[in-house]
Structure formats: C-alpha cells, structure tokens
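Input: a single structure, listed below in structure tokens.
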Amino acid sequence: YKIASEIAKHGAGVSTFADSWSYKIEAYDAIPYNVAILMRHGVTTTINSDSDERIRRLNVDAAKMMRYVGLSEDEALKTI
C-alpha cells in the first residue's frame, strides 16, 4: 500500500493476505486496507494464504473485504 502508485506504474500485481498482519515478518507492516488501496490505484491484487487449511476459505476473506474495506462483490470475488 505504501508504494501502490509505483507498483501500478510498473504494471506489477500483488498477492497479499486479507487480514493477517503483524504475525510474521512478511506481514509485519501490513494493514487491513492494503487490498483496497492497491486496487484503487489500479493494481491487480489477489488475496492468498500460506496455509492449506485457510486457502479453502478465501471466499470468507473476500467477504471481509466487502464488509470492512468497501469492495464491491465483483471486486472481492476477483481477489480470489
């Protein structure tokens, strides 16, 4: 989210956690609005999980993006 404009300018995409932040070094500086900020800057953004168990529930993470950060249903579903 801090360099969303630069990522968009470069044309790269981002895969990130929906709501798991500060639990390990890769997620230490993440925020709940990361996905929405990136998408609003035109960055192709997906949500992920590094757990075989949680990956089956990305639909729930997409729903969280609708409820808490204001993505539309179409935007949220595109993240998974």
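None of the figures in this text is laboratory data; all of them are computed from the coordinates on show. Remember, predicted model here, so these are calculated numbers, not experimental data. Here the Cβ positions follow ideal geometry from the backbone for every residue, glycine too, while neighbour counts run over all protein chains shown.
Among 38-45, 11-18, how do they line up from the highest to the lowest mean number of other beta-carbon atoms within 10 Å?
Highest mean packing first, the order is 38-45, 11-18.
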Inset, instruction - Can you pull the one-decimal nm distance between simple spin-label points at Y28 and S15, each 7 Å off the Cα toward Cβ? - result: 2.3
Legend entry - 5 angstrom amide H check on T16, placed H, neighbours 5+ away: T46, I47, N48
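Per-residue ellipticity at 222 nm for the chain, helices alone: DSSP H runs ≥ 4 residues times -39500 (n - 2.57), over residue total, nearest 500 deg cm²/dmol?
Helix-only estimate at 222 nm: -10500 deg cm²/dmol.
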Inset, instruction - Please work out whether segment 21-65 counts as rounded, prolate or oblate from its C-alpha gyration tensor, where a ≥ b ≥ c are the square roots of the eigenvalues and a/c under 1.5 means rounded, while otherwise a/b larger than b/c means prolate and anything else oblate? - result: oblate
Inset, instruction - Hey, could you get me the Stokes-Einstein D for segment 6-80, Kirkwood radius over alpha-carbon pairs, 25 °C and 0.890 mPa s, rounded to whole µm² s⁻¹? - result: 197
Inset, instruction - State, as an integer percentage, the relative contact order of the chain based on alpha-carbon contacts under 8 Å between residues 6 or more apart. - result: 29
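Taking 0.36 nm per residue of sequence separation and subtracting the Cα-Cα distance, how much length would be gained by fully extending the chain between D52 and I37, in nm to one decimal?
Here the answer is 2.7 nm.
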